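The next block holds one structure in the form of structure tokens; read it before the comments.
The values are calculated or read from the model by the stated rules, or taken from the named source; none is laboratory data. Values in this document were obtained by computation on a predicted structure and should not be read as measured data. Cβ placement follows ideal geometry from the backbone for every residue including glycine, while neighbour counts extend to all protein chains displayed. Accessible surface areas use protein heavy atoms only, side chains included; no ligands, DNA or RNA. Shrake-Rupley method; radii C 1.70, N 1.55, O 1.52, S 1.80 Å.
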Amino acid sequence: MNTIRTLCFVIAALSSYAALAYRLCQGRRSWRDGAYRTLITTLFFQCLTFTMGAVAMRSESFLGVGNLAILVMHLAAVAFCVSAQLIFLRWAAVGEEVVRKTRFWVVTGLTLDLLLTALFFLADGPARCPTEFDGSGEPLLLAYLLAFIASQAVPCLTIVRRCGPYARMTDNVSLRQGLRMMFLGAVILLVYGLVRTVNVLSIAAGVEIGPWREALASVLDAFGIVALSLSLTMSFWTPVASGFLDWTRSYRAYRVLHPLWRDLYESFPDIALEPPGTSVRDLDYRLHRRVVEIRDGWRDLRPYIERAAGGTGAPAGDGFAGDGAAESRQAFAEAAQIRQALHARRAGTIPRDNKDAGDFEDRDTDNFRAEVAWLTKVAAAYSRLRKAS
């Protein structure tokens with residue numbers, strides 16, 4: 001279980017460092033902003049908290065003092081929570097109220113850190129077994145642990161209480177998503193605090209909690225911190241993730257369209273603006289060209305498409321149901337007609353009643369996304385028909 005807990009600390013620390021690094025990159029234009037400095041301070045203490053957690057799991061002493069890494073982790077966590085309170089304070093208050101409440105929270109944080117330090121040494125923390133910091137019946141150590149848990153719960157309650165209204169008030173989509181992610185992280189951390197409290201009190205009462213409950217607390221803590229880190233960097237990674245998903249969808253469509261495009265190209269080489277290649281650089285351009293070339297090849301193939309040809313052309317055993325049934329049947333019908341027309345083209349047979357005249361009916365659209373989606377369905381059906389034959 002120590003391995004799981006160490007891994008959770010490492011994950012939380014890495015997400016914290018990633019968030020800090022991203023925000024530091026904005027320092028040149030933001031350092032004069034007090035809110036930005038508060039955010040950097042918050043992330044620094046967040047990094048320190050989970051770095052010390054990982055150190056505490058690997059060694060019983062730090063700088064020659066037993067369990068000092070645990071104390072530093074807890075003190076940094078209190079500072080982290082106070083700094084997080086100050087971020088929300090700057091959003092919710094103005095003028096003298098900000099100064100007054102900032103002073104209150106700074107004093108509260110310092111008092112809590114002094115109290116934890118005093119309780120740690122009065123309870124002979126350096127000489128104790130590290131597992132006693134998971135829960136203990138010794139009064140001073142129990143007071144230490146409960147005071148620490150309470151210090152973590154207060155800012156999480158503030159986040160839960162304020163993130164919802166703020167998310168509904170803003171018109172900024174990225175900010176709204178960030179606040180919702182922060183709300184989720186705070187809820188997870190509140191659950192972590194509840195599990196941690198139950199664990200500490202159970203051990204103090206002499207009840208065996210089992211290693212899985214301590215591991216559960218660590219997992220919840222890691223997930224909560226990762227969610228908070230993501231919320232603080234959402235303006236960076238949301239566009240990156242969105243761009244990656246768009247590229248993935250485009251690449252998938254490009255690959256699915258290939259068999260249909262290849263067979264049309266073999267029959268009508270002039271549809272290609274430039275020689276075929278395997279590179280996916282400038283994928284948007286290549287996907288546009290592939291769609292245009294398929295449409296050009298399809299149009300050139302129309303004299304070989306028999307107008308009276310019908311049926312779905314679906315392989316045996318393929319049923320259609322649901323909202324997309326009609327569209328799927330039409331895609332298979334179009335794919336079957338294309339396949340039949342390519343055979344007619346190779347054989348030099350032109351049907352008397354063909355589709356040489358006319359347009360592409362209701363499926364000829366100038367909406368590129370809709371066009372890609374439709375041609376992808378047809379190309380997928382075409383590939384299935386080829387494999388079934």
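For the stretch 277-290, give me each residue that is in contact with a helix residue (DSSP H, G or I) (Cβ under 7 Å, 6 or more places away or on another chain), open to solvent by 20 Å² or more (accessible area, probe 1.4 Å) and part of a helix (DSSP H, G or I). Correct list: ASP284, ARG286.
Name the residues in the stretch 194-225 that are part of a helix (DSSP H, G or I), at pLDDT below 80 and β-branched (Val, Ile, Thr), would you? Once the filter is applied, which keeps residues that are part of a helix (DSSP H, G or I), at pLDDT below 80 and β-branched (Val, Ile, Thr), the stretch 194-225 yields only ILE225. Among the residues making up the stretch 201-250, a single one is on the phi > 0 side of the Ramachandran plot and open to solvent by 30 Å² or more (accessible area, probe 1.4 Å): GLY206. Of all the listed residues (ALA253, ALA217), the sole one being over 21 Å from GLY53 (Cβ atoms) and either in contact with a helix residue (DSSP H, G or I) (Cβ under 7 Å, 6 or more places away or on another chain) or of a type outside the set (D, E, K, R) (or both) is ALA253. The set of residues from the stretch 142-169 being open to solvent by 30 Å² or more (accessible area, probe 1.4 Å) and under 23 Å from ASN199 (Cβ atoms) comprises LEU142, ALA143, LEU146, ALA150, GLN152, ALA153, VAL154, LEU157, VAL160. For the stretch 114-133: of the residues being touching a residue at least 12 places away in the same chain (Cβ under 8 Å) and more than 20 Å from ALA79 (Cα to Cα), which is surrounded by the most Cβ atoms within 10 Å (Cβ to Cβ)? Restricting to residues being touching a residue at least 12 places away in the same chain (Cβ under 8 Å) and more than 20 Å from ALA79 (Cα to Cα), the top hit is GLY125.
Among the residues that make up the stretch 176-186, is at least one of them farther than 23 Å from ALA18 by Cα and of a type in the set (A, V, I, L, M)? No, the stretch 176-186 contains no residue that is farther than 23 Å from ALA18 by Cα and of a type in the set (A, V, I, L, M).
Is one or more of the residues making up the stretch 185-196 among the aromatic types (Phe, Trp, Tyr) and either touching a strand residue (DSSP E or B) at 6+ places or on another chain (Cβ under 9 Å) or farther than 17 Å from THR49 by Cα (or both)? Within the stretch 185-196 (the criterion being among the aromatic types (Phe, Trp, Tyr) and either touching a strand residue (DSSP E or B) at 6+ places or on another chain (Cβ under 9 Å) or farther than 17 Å from THR49 by Cα (or both)), the answer is no, since none of the residues qualifies. Check the stretch 90-97 and report whether any residue there is farther than 15 Å from PRO155 by Cα, more than 27 Å from the chain's Cα centre (by Cα) and part of a helix (DSSP H, G or I). Within the stretch 90-97, one or more residues are farther than 15 Å from PRO155 by Cα, more than 27 Å from the chain's Cα centre (by Cα) and part of a helix (DSSP H, G or I). If TRP105 meets every condition in (1) within 22 Å of SER15 (Cα to Cα); (2) open to solvent by 20 Å² or more (accessible area, probe 1.4 Å); (3) aromatic (Phe, Trp, Tyr) apart from one, which number is that one? Among (1) within 22 Å of SER15 (Cα to Cα); (2) open to solvent by 20 Å² or more (accessible area, probe 1.4 Å); (3) aromatic (Phe, Trp, Tyr), the lone unmet condition for TRP105 is (1).
Check whether at least one residue in the stretch 261-276 is basic (Lys, Arg), free of Cβ contacts under 8 Å to residues at least 60 places away in the same chain, under 30 Å from ALA341 (Cα atoms) and surrounded by fewer than 14 Cβ atoms within 10 Å (Cβ to Cβ), and report yes or no. First the steps, then the outcome.
Restricting attention to the stretch 261-276, the residues satisfying the condition of being basic (Lys, Arg) are 262.
Applying the additional criterion that residues be free of Cβ contacts under 8 Å to residues at least 60 places away in the same chain yields 262.
Still in the list and also under 30 Å from ALA341 (Cα atoms): 262.
Right, trim to surrounded by fewer than 14 Cβ atoms within 10 Å (Cβ to Cβ) and you get 262.
Yes.
Looking at (1) at pLDDT 80 or above; (2) surrounded by 16 or more Cβ atoms within 10 Å (Cβ to Cβ), which is the only condition GLY64 fails? Result: GLY64 fails condition (2) only.
In a residue-by-residue description of the stretch 177-188, the property of being surrounded by fewer than 19 Cβ atoms within 10 Å (Cβ to Cβ), at pLDDT below 80 and more than 25 Å from VAL107 (Cα to Cα) applies to at least one position. Has the stretch 41-60 got any residue that is assigned to a helix (DSSP H, G or I), open to solvent by less than 50 Å² (accessible area, probe 1.4 Å), within 18 Å of GLY185 (Cβ to Cβ) and of a type in the set (Ser, Thr, Tyr)? Yes, the conditions are met somewhere in the stretch 41-60.
Please find, among ALA21, ALA13, the residue that is crowded, with 20+ Cβ neighbours inside 10 Å and either touching a His at 6+ places or on another chain (Cβ under 9 Å) or of a type in the set (Gly, Ala, Ser) (or both).
Working: ALA21 fails: crowded, with 20+ Cβ neighbours inside 10 Å.
The conditions single out ALA13.
Checking SER174 against (1) under 24 Å from the mean Cα position of the chain (by Cα); (2) under 21 Å from LEU71 (Cβ atoms); (3) open to solvent by 40 Å² or more (accessible area, probe 1.4 Å): exactly one of these is not met. Which one? The number of the failed condition is (2).
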